[in-house]
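Computed from the coordinates by the stated procedures, all read-outs in this text should not be read as laboratory data. Just so it is clear, the structure is predicted and the values come from calculations on it, not from any experiment. All Cβ positions, even for glycine, are placed from backbone atoms using ideal geometry, and neighbour counts span all protein chains on display.
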Amino acid sequence: MIYVDTSILVALCTTEPKSEVVDKWHESSSAKMISSTWAFTEFSSALSLKVRTNQITEKQSREAWKKFDTLCQNDIELMPVEGKAYYSAGILVVDSKSNLRAGDALHLAVAKQFKSRSLATLDKILGKNAARVKIKAVLL
């Protein structure tokens, strides 16, 4: 089972520099893919930011949302965030040397909660911290 960070979801559903690499990885992977319900909020925020900064149009945002919905229906299961995951994320992020942001710490805590063996991300800091909690980082 592989945990998928929101950065991967955004690259799968919009056009980004790493989209082609992520698409190829997604197509070739046979592992069960999960993420957390937090990805729903984070993905929405990413689309909104892209619209506000004129990276994509409202129409492209709606199209990306449809792709995201299809991914969640068919390929990537969004798992619930349990209360203790917030505590675990806080423990991870309070260590200033980790350089983790709150949202990434929550992804990491949920991946650990569901005993993911690996975590796919475009974020080098998140990948580095995955190793700290004994989760193999798949940096694309």
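Residues in the stretch 1-53 that are over 12 Å from the mean Cα position of the chain (by Cα), outside any loop (DSSP other than H, G, I, E, B) and either at positive phi or among the charged types (D, E, K, R) (or both): GLU20, ASP23, LYS24, GLU27, LYS50, ARG52.
Do the conditions hold for LYS59, that is, is it of a type in the set (Lys, Arg) and either touching an Asp or Glu at 6+ places or on another chain (Cβ under 7 Å) or farther than 29 Å from LYS115 by Cα (or both)? Taking the combined requirement at face value, the residue satisfies it. With respect to the conditions (1) under 16 Å from ALA111 (Cβ atoms); (2) of a type in the set (A, V, I, L, M); (3) in contact with a Cys (Cβ under 7 Å, 6 or more places away or on another chain), ALA64 lacks only one, and its number is (1).
What do you reckon, is ALA102 out of contact with any Asp or Glu (no Cβ under 6 Å at 6 or more places or on another chain) and surrounded by 18 or more Cβ atoms within 10 Å (Cβ to Cβ)? Here the answer is no, as ALA102 does not meet what is asked. For the stretch 79-99, filtering for residues that are among the hydrophobic types (A, V, I, L, M, F, W, C) and assigned to a loop (DSSP other than H, G, I, E, B) leaves 1.
Of all residues in the stretch 100-140, exactly one satisfies the criterion of being part of a helix (DSSP H, G or I) and over 19 Å from GLY90 (Cα atoms), namely LYS124. Within the stretch 58-105, being farther than 26 Å from ALA130 by Cα and in contact with a helix residue (DSSP H, G or I) (Cβ under 7 Å, 6 or more places away or on another chain) holds for GLU58, SER61, ALA64, TRP65, LYS67.
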